[in-house]
Amino acid sequence: MYGHDFPGPDDGPADGLLEQVEAAEVALRAAADRGRPGVADGPAADTDPQHYFTALIEADQKIEPRDWMPDAYRKTLIRQIAQHAHSEIIGMQPEGNWISRAPSLGRKAILLAKVQDEAGHGLYLYAAAETLGVTRDELVELLLTGRQKYSSIFNYPTLGWADVGAIGWLVDGAAIVNQVPLCRCSYGPYARAMIRVCKEESFHQRQGYEILHRLASGTPAQRAMAQDAVDRWWYPSLAMFGPPDTDSTHSQQSMAWKIKRFSNDDLRQRFVDMCVQQAGVLDLRLPDPDLRWNEQRQAYDYTQPDYAELMRVISGDGPCNRQRIDHRRRAHADGSWVREAAAAYTAKRQREDRPAVAA
Ligand code: FAQ
């Protein structure tokens, strides 16, 4: 898929996932071609908006911004898409920390491009959320005042260069496993954003895996650095999938609405099974003495992450929560002149009756 520039499991760590993204893209186009309810092949037209909404979901059609939707569906989407957008933006910080310290010019250029991609993902996602009737300013305000969450994972520190590899392999890997099913989400703008995001994330995962591969086959000190990073990022990565199904407040309803397609625990298991094989190729150890194949379940048994720690981090008490949000507040304040200049420019073009053009 990416060429065999180094030995990897089959066709690379994202093996199969990109094919699923492509299949989701085909399904998305097919849903658009099938037409709307009342049109040939579409579900029956119905004047009751709730019935119409349900029929669209059952027929695996997409809900679009123009469609009527229950308030709770809209709120759930705003909550999840906004949390996701905030995560992409805050998620630039841990790796951004290493741009100026990357070990070569090539590594610096790759990392710069990767971090820039995350900014782009945040923007697609804010744009998708805006189709639901909130503004970007409102969402940013909710993040900066701590009233909306972002992923727990970005509250952990990046202590060494190998952490950049571990983030790419494990954090981007977990993000992909979570996001590939979101390419089939019932809300059209979110599903379409996810297709593009997943294609880029699979490259991100590959770059992290390649960094770890180089370190793991390097000097004893480099191997130790790679192992230490994997030891520290493994459990926080497992926690990214959220609380266990028994404690997940939103999963059942989100799955009924086909926003989420799989439960938190199902996706976590899928991630563990994928990583075991890849860790074998890297010749690195996953830090779980109880990790073993279960013949009956056809899946690996593993130790659950510390969910009490997850809740502490989510509620603002992780190792880097304050630092991350302070940094974002500062960056937002520092960027105010850019927003003012852009608004003044747009106003000027409107006065001159000319369309604003992107700089
Ligand atoms: N961190 O009932 P559930 C990335 C909250 S992107 C923080 O199970 P749900 C790319 C949850 O919001 C990573 N909060 O919730 C990248 C809810 O709180 P609320 C982000 C968490 O929504 C890589 C409460 O707990 N990805 O990494 C977490 O059904 C490298 C109850 O939980 C997404 O956002 C957590 N880990 O399932 C960027 C994917 N887990 O709102 C830069 C989209 C749970 O009631 C560098 N989101 N919570 O106050 C989802 O798939 C879902 O929202 C879940 C949670 C699976 C995260």
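The values are calculated or read from the model by the stated rules, or taken from the named source; none is laboratory data. Model, not experiment: these values are computed from the prediction. A quick note on method: Cβ atoms are made from the backbone with ideal geometry, for glycine too, and the neighbour counts reach across all protein chains shown. We work out accessible area using only protein heavy atoms, side chains counted, and drop any ligands, DNA or RNA first. Shrake-Rupley method; radii C 1.70, N 1.55, O 1.52, S 1.80 Å.
Computed quantities for the displayed model
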read-out: Every pair of residues 6+ apart whose Cβ atoms lie under 8 Å, when the first sits in the stretch 194-208 and is under 20 Å from Arg184 (Cα atoms) and open to solvent by 20 Å² or more (accessible area, probe 1.4 Å) while the second is in a helix (DSSP H, G or I) and β-branched (Val, Ile, Thr); value: Lys199/Val21
read-out: Criterion (out of contact with any Cys (no Cβ under 7 Å at 6 or more places or on another chain), more than 27 Å from Met311 (Cβ to Cβ), at pLDDT below 95 and not hydroxyl-bearing (Ser, Thr, Tyr)) met by exactly one of Arg136, Arg184, Arg206; value: Arg206
read-out: Residue check for Gly173: among the small types (Gly, Ala, Ser) and away from the ligand (no atom under 11 Å from the Cβ); value: no
read-out: Given (1) farther than 30 Å from Ala216 by Cα; (2) outside any helix (DSSP H, G or I), index of the condition Pro319 fails; value: (1)
read-out: Those residues of the stretch 224-253 which are in a helix (DSSP H, G or I) and free of Cβ contacts under 8 Å to residues at least 40 places away in the same chain, in sequence order; value: Ala224, Asp245, Thr246, Ser251, Gln252
read-out: Among residues of the stretch 203-259, those that are in contact with a Leu (Cβ under 6 Å, 6 or more places away or on another chain) and either among the basic types (Lys, Arg) or within 12 Å of the ligand (Cβ to nearest atom) (or both), counted; value: 4
read-out: Asp273 vs. criteria closer than 30 Å to Leu56 by Cβ, of a type outside the set (Lys, Arg), at pLDDT 95 or above and not in a loop (DSSP other than H, G, I, E, B); value: no
read-out: Failed item, numbered, when Thr303 is tested on (1) surrounded by fewer than 17 Cβ atoms within 10 Å (Cβ to Cβ); (2) in contact (Cβ under 8 Å) with a residue 12 or more places away in the chain; (3) in contact with a Ser or Thr (Cβ under 8 Å, 6 or more places away or on another chain); value: (3)
read-out: Extreme residue, most open to solvent (accessible area, probe 1.4 Å), among residues of the stretch 283-299 that are touching a Phe, Trp or Tyr at 6+ places or on another chain (Cβ under 8 Å) and not in a strand (DSSP E or B); value: Asp290
read-out: Single condition Arg261 does not satisfy, out of (1) open to solvent by 30 Å² or more (accessible area, probe 1.4 Å); (2) under 24 Å from the mean Cα position of the chain (by Cα); (3) over 24 Å from Lys75 (Cβ atoms); value: (3)
read-out: Yes/no for Pro355 being in contact (Cβ under 8 Å) with a residue 24 or more places away in the chain and not in a helix (DSSP H, G or I); value: no
read-out: Any pair with Cβ under 8 angstrom, 6 or more apart, that starts in the stretch 314-336 at a residue that is more than 11 Å from Gln93 (Cβ to Cβ) and ends at one that is in a helix (DSSP H, G or I) and among the small types (Gly, Ala, Ser); value: Ile314/Ser152; Gly318/Ser152
read-out: Matching entry among Gly280, Gly318 (being modelled with pLDDT of 95 or more and either surrounded by fewer than 17 Cβ atoms within 10 Å (Cβ to Cβ) or of a type in the set (Asp, Glu) (or both)); value: Gly280
